[in-house]
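Undergrad: Quick one: this structure, given as structure tokens, is what I'll be asking you about.
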Amino acid sequence: MVGPGPTAPTTVAGLDVAYAEDGDRLAAAVTVLDVRTLRVVDSAVVTGRPAFDYVPGLFAFRELPALLDALDRLTNPPDLLVCDGHGLAHPRRFGLACHLGVLTGLPAIGVGKTPLVGTWDPPGERRGSWSPLVDGTEVVGRVLRTQDGVKPVFVSVGHRMGLENACALVLALAPSYRLPETTRTADRLCRAALAGRT
DNA sequence: GCGACAG
DNA sequence: ATCTTGTCGC
């Protein structure tokens, strides 16, 4: 046995990337939050150029280099990664969250704002309601309502964590807004870096 | 074959 | 992703 285990993360990282208007420049940010207080305890941001043009399904290859770069600059590694995009809910069952999980060895989950694959029934209107995201015969994720009456998010497993725990974590990370605090803080950081002031 | 398609 | 006005609501 090694460590506290993937189901009891103390720190969770949010990752996000922002692009300049012309698309020739990007900023990748990672914010590390204390899962209990939801406070940012560490962060890193790097600027660079996109490695590829955007192609649905190959999205990971575009943002991966910059995100790994940012992760390397953290003072200490987080217990888990919350990615802006999908994990298993991908045409080849291997989205950005899977790439990041495997490459870092850390547990990882994907939280997408829009679907890439799959069909689903509308979840209940209340926070916490969900319905399975199905692609073919496989359940590849869950459509989860994080706030009453708001558009649901698409949660899927990336690496070393089950779907049930992933959804519970996302709800814990989203007490007030549609998106988890991890992606919200990372989003603000990379946008600020792109704008200049840091 | 054609269209759709995370960010 | 980014570009965008006003509008509704706490």
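Undergrad: It is to be established whether one or more residues within region A:128-139 are more than 26 Å from A:VAL40 (Cβ to Cβ), open to solvent by less than 20 Å² (accessible area, probe 1.4 Å) and among the polar types (S, T, N, Q). Give the steps one after another, and end with the answer.
TA: We begin by selecting, within region A:128-139, every residue more than 26 Å from A:VAL40 (Cβ to Cβ); these are A:129-139.
So of that shortlist, the ones also open to solvent by less than 20 Å² (accessible area, probe 1.4 Å) come out as A:131, A:133.
Remaining after also requiring among the polar types (S, T, N, Q): A:131.
Yes, region A:128-139 contains a residue that is more than 26 Å from A:VAL40 (Cβ to Cβ), open to solvent by less than 20 Å² (accessible area, probe 1.4 Å) and among the polar types (S, T, N, Q).
Undergrad: Could you grab me the full set of residues in region A:141-160 that are in contact with a helix residue (DSSP H, G or I) (Cβ under 8 Å, 6 or more places away or on another chain) and crowded, with 22+ Cβ neighbours inside 10 Å?
TA: Looking only at region A:141-160, we keep the residues that are in contact with a helix residue (DSSP H, G or I) (Cβ under 8 Å, 6 or more places away or on another chain), and these are A:141-142, A:144, A:146, A:153, A:155-160.
A:GLY141, A:ARG142, A:LEU144, A:THR146, A:VAL153, A:VAL155, A:SER156, A:VAL157, A:GLY158, A:HIS159 - these are the residues of region A:141-160 that are in contact with a helix residue (DSSP H, G or I) (Cβ under 8 Å, 6 or more places away or on another chain) and crowded, with 22+ Cβ neighbours inside 10 Å.
Undergrad: What number of residues within region A:171-184 are part of a helix (DSSP H, G or I) and within 12 Å of A:ASP84 (Cα to Cα)? Quick ask: steps written out before the conclusion?
TA: Going residue by residue through region A:171-184, those that are part of a helix (DSSP H, G or I) are A:171-173, A:181-184.
Still in the running and within 12 Å of A:ASP84 (Cα to Cα): A:181-184.
Result for region A:171-184: 4.
Undergrad: So which residues in region A:88-117 are within 21 Å of A:LEU171 (Cβ to Cβ), more than 8 Å from DNA strand B (Cβ to nearest atom) and surrounded by fewer than 23 Cβ atoms within 10 Å (Cβ to Cβ)?
TA: Matches in region A:88-117: A:LEU106 only.
Undergrad: What number of residues within region A:79-124 satisfy the criterion of being acidic (Asp, Glu) and within 16 Å of DNA strand C (Cβ to nearest atom)? Outline the logic, then answer.
TA: Kept after step one, since they are acidic (Asp, Glu), are these residues of region A:79-124: A:79, A:84, A:121.
Those left that are additionally within 16 Å of DNA strand C (Cβ to nearest atom): A:84.
Within region A:79-124, residues that are acidic (Asp, Glu) and within 16 Å of DNA strand C (Cβ to nearest atom) number 1.
Undergrad: Restricting the search to region A:131-170, which residues are in contact (Cβ under 8 Å) with a residue 60 or more places away in the chain, outside any helix (DSSP H, G or I) and of a type outside the set (Gly, Ala, Ser)? Before the answer, list the steps.
TA: From region A:131-170, those in contact (Cβ under 8 Å) with a residue 60 or more places away in the chain are A:154, A:156-161, A:165, A:169-170; that's our starting set.
Among the residues that remain, those that are also outside any helix (DSSP H, G or I) are: A:154, A:156-161.
Hits for region A:131-170 are A:PHE154, A:VAL157, A:HIS159, A:ARG160, A:MET161.
Undergrad: Considering only region A:25-76, state which residues are among the hydroxyl-bearing types (Ser, Thr, Tyr) and either on the phi > 0 side of the Ramachandran plot or not in a loop (DSSP other than H, G, I, E, B) (or both). Please lay out each step first, then the result.
TA: Let us first name the residues in region A:25-76 that are among the hydroxyl-bearing types (Ser, Thr, Tyr), namely A:31, A:37, A:43, A:47, A:54, A:75.
Those that are among the hydroxyl-bearing types (Ser, Thr, Tyr) and either on the phi > 0 side of the Ramachandran plot or not in a loop (DSSP other than H, G, I, E, B) (or both): A:THR31, A:SER43, A:THR47.
Undergrad: Scan region A:12-38 for residues that are away from DNA strand C (no atom under 16 Å from the Cβ) and farther than 14 Å from A:ALA186 by Cβ and jot them down.
TA: Of everything in region A:12-38, those that are away from DNA strand C (no atom under 16 Å from the Cβ) and farther than 14 Å from A:ALA186 by Cβ turn out to be A:ASP34, A:VAL35, A:ARG36, A:THR37.
The values are calculated or read from the model by the stated rules, or taken from the named source; none is laboratory data. Every value quoted in this text rests on a predicted model; they were computed, and no experiment measured them. Don't worry about glycine lacking a Cβ; one is built from the backbone with ideal geometry, like all the others, and counts go over all protein chains shown. The area values use the complete protein model at the heavy-atom level, side chains included, leaving out ligands, DNA and RNA. Shrake-Rupley method; radii C 1.70, N 1.55, O 1.52, S 1.80 Å.
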